Amino acid sequence: MDRPLRVDSEVISNAAEGGANWRLVLRIAEGWPETQPGQFLMLSPGRRGRVERYDPLLPRPMAIFRARRTGGETAVEVLYKVVGRGTSLLADARPGDEVRLVGPLGRGFPEPSPGERLILVGGGTGVASLFELARRSSGRARVSVLLGARTAADLMGRADFESLDVDLQVATDDGSDGTEGLVTELLEREIARGGAARVYACGPTPMMRRAAEITGAAGLPCLVSLENRMACGFGVCLGCAVPRSDEGYHLVCRDGPVFESGDLSWEGLP
Amino acid sequence: MTTAPDLSTNLGGIQLRNPVLTASGTFGYGTEFAPFMDLRRIGGFVAKSLTLEPRHGNPPPRIVETPAGMLNAISLENVGVHAFVEEKLPEIPEGVPVIASVFGTEIELYAEVCRRLDGAPKVVGIEVNASCPHVKSGGSEFGQDPAVLARLTRAVRRATSLPLFVKLSPNVTDIAEMARVCEGEGADGIAAINTLKALVVDVETRRPSLSNGLGGLSGPAIRPVALRMVWQCARAVGIPVCGIGGICTAEDAIQFLLCGAAAVQVGTANFLNPMAAVEVAEGIGEYCARHGVERVSDLVGVVEFPGL
C-alpha cells in the first residue's frame, strides 16, 4: 500500500444535500496515493490552514467517497452528516479554506472476481464507503446495491449510485423512498433469489450484525466495513479496538476497516 | 547569528540531537510514523510500555474526547518485551534512539522486563511507568506512595545499567516529593507527567463513557497543570526532568524548557498531527535563532518568577 499523506487540502466545495447530509470536495495538490475502495481519511474539523484549534481535539474518520485524479492533483470527496460539534465545524468550511487531513488509511475492500455477483448493503453514512467499490465493480461483476435510510431525505448519495450500471434498491423506515422497512430485509429477499454472491456491508452496527446473520445462515461470504471512534487512524492510539472472534482485538484503522464478518465477535462490538 | 543553534541535549547520559522525544503510548513502536517523517529528525522516542507477557488491553470503548483533550483506558495493550526485542526493534531505522517504557503489576515484573532489555540494540534508556495499579497496594498507582515508589526505583535501578527515568503520576498531592524519592534511589532523570485520572459519564446510558470507568486525561487540557508540576520537579531535584503534558507546538515545548525541563515529550498531539514532533523540534530551532540563543540548553530553567 502507498504511504498516507498529512496535508492541508483546499476546499473546492462544501454543500448541504438535504437532511443532515453534506458533501465536501477537497483538492490535494500533489502526491495523493492510489485509493482503494473502502479506505478512509482523518479530517480535522476545526483547523483552517495554519490556525490551530484544539477543541474539538481529535480528527474525525471519514470514508473516502471518491478520489479523482486530474494531472498531478486529486479531488477527494467526502459525504458526511452534521450530527455534532465536529461535523458542524466542518460544515462551516468555505471554498478556499484549508482543511487538514491524513490519508488514505486502512485496508479497503478486496477486488471482486470477474463475473462475480456482489450485493452491497449500505445504511446511514456507511453508504459512502461503498460507492467506489460499486463504480469500479459495475463493469466486471454483477452488482446489486441496497441502500437504507430513515427517510428519503436522509439517504446519502442516491443520485451518484443511480448514475452507475448497477441494480439499485432502496429501503426507508417510513417508505418515503423505495420499500418501507429495513435494508436488511432487501438483503434477505435478494439472497432468497438463490445463487452464489459476496455481500459487502457498511452501516450502523445493528445493520451489519443482521447482515452477518443473514449471510451466515445462507452460507455466503460477508465483508463489513466498521465505523469506530479513533484518535489517530494509523494504529497508535489503540482506541478503535474491536473484539476478534478468537481472542484479543483488531484495530479498525490498521486491520480494517474492512473485515470478514466471521473474524469479529459481534456481541462485543460498540 | 551565522551558525544554526545547537539543539543537542544530554538527558541523564543520553545524547540526543534535539530535546524533542515522543511520549510512550502515542508513538507505537516508531515504525507507524515512518510514512510521515524521518525519525532521525526528532531526538528519539519512548516506545509503548512493555510488560513481560503480551497484553490484549481493555474492551471498547477505550477513548472519549473531552474539551481540548481525550480520555483513554487502553490498559497498556502491548506485544510484550520478547516480541519488542525480536520483532519491533529490528524494524526501527539505525540512528534513532529508543527509550523503552516498562511496566508491571508487581515490582519484580518491572525488574524482569528491564533485565530482558539489557543489551538490546537501539535501546538507549529505560523509562519506568509508575502509573500502573500496584496489585499489592490494592490497586493504587506505584507512583502514589513514596515508599512504594522508592522500592520500585531501587529494584529497577539494580536491574539495569542503562540511563533510568521514572515517569511520575500526577495523581499525587506533592509531585516534588516523588521526584526527590526517585533521585534518592538512583534514577538518572524524571519524566513528568503521566495522564490525570479522570471520568466522563454518558447521561443517556448513565454509565461511564469508557468500558473501564475511569481513564487518563491527556492533551492541551492538561498542559498548564503539567507545566506547574514540571516546574516543581525541576526545582526539587538535580537530575534532568523530561517535560510531558499536552505539548502541541514549539511554543508549548519552550514553556517547559524555560520551567526547567531539559527535554520534552510530545504525546497526544501525535494522534492529530503525525508530524507534530518534527514541527516542534524545528520550531524550537527557529525560536533559538530568532532570540539569539546559541544552545537550547541555555533556555532550560531560566524562567523569571516574581518573588523567587
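The values are calculated or read from the model by the stated rules, or taken from the named source; none is laboratory data. Remember, predicted model here, so these are calculated numbers, not experimental data. Here the Cβ is made from the backbone with ideal geometry for all residues, glycine too, and neighbour counts use every protein chain on show.
At least 2 residues being touching a residue at least 60 places away in the same chain (Cβ under 8 Å) and within 14 Å of another protein chain (Cβ to nearest Cβ) is the threshold, and among the helices (runs of 4 or more DSSP H) wholly inside segment A:157-270 those reaching it are A:252-255. The residues on offer are A:Gly157, A:Gly148, and the sole one that is more than 16 Å from A:Tyr80 (Cβ to Cβ) and touching a strand residue (DSSP E or B) at 6+ places or on another chain (Cβ under 9 Å) is A:Gly148. For segment B:155-164, the count of residues that are of a type outside the set (Ser, Thr, Tyr), free of Cβ contacts under 8 Å to residues at least 60 places away in the same chain and within 17 Å of B:Thr195 (Cβ to Cβ) is zero. Residues in segment A:49-64 that are more than 11 Å from chain B (Cβ to nearest Cβ) and either modelled with pLDDT of 95 or more or within 19 Å of the chain's Cα centre (by Cα) (or both): A:Pro61, A:Met62, A:Ala63, A:Ile64. Out of B:Glu94, B:Glu127, B:Glu112, B:Glu108, one residue alone is outside any helix (DSSP H, G or I), among the charged types (D, E, K, R) and out of contact with any strand residue (DSSP E or B) (no Cβ under 6 Å at 6 or more places or on another chain). It is B:Glu94.
Being farther than 28 Å from A:Ser138 by Cβ and either at pLDDT 95 or above or surrounded by fewer than 24 Cβ atoms within 10 Å (Cβ to Cβ) (or both) is a property that holds for A:Cys232. No other residue among B:Leu162, B:Leu152 is assigned to a helix (DSSP H, G or I), of a type in the set (A, V, I, L, M, F, W, C) and crowded, with 16+ Cβ neighbours inside 10 Å apart from B:Leu152. So for segment B:75-89 (the condition being hydroxyl-bearing (Ser, Thr, Tyr), within 19 Å of the chain's Cα centre (by Cα), surrounded by 16 or more Cβ atoms within 10 Å (Cβ to Cβ) and within 11 Å of chain A (Cβ to nearest Cβ)), does at least one residue qualify? Yes, there is a match, as at least one residue in segment B:75-89 is hydroxyl-bearing (Ser, Thr, Tyr), within 19 Å of the chain's Cα centre (by Cα), surrounded by 16 or more Cβ atoms within 10 Å (Cβ to Cβ) and within 11 Å of chain A (Cβ to nearest Cβ).
In summary, strands (runs of 3 or more DSSP E) completely within segment A:42-123 and bearing 2 or more residues that are surrounded by 22 or more Cβ atoms within 10 Å (Cβ to Cβ) occur at A:60-63, A:73-81, A:98-105, A:117-123. Those strands (runs of 3 or more DSSP E) of segment B:190-285 in which 3 or more residues are more than 12 Å from chain A (Cβ to nearest Cβ) and surrounded by 23 or more Cβ atoms within 10 Å (Cβ to Cβ) occupy B:241-244, B:261-266.
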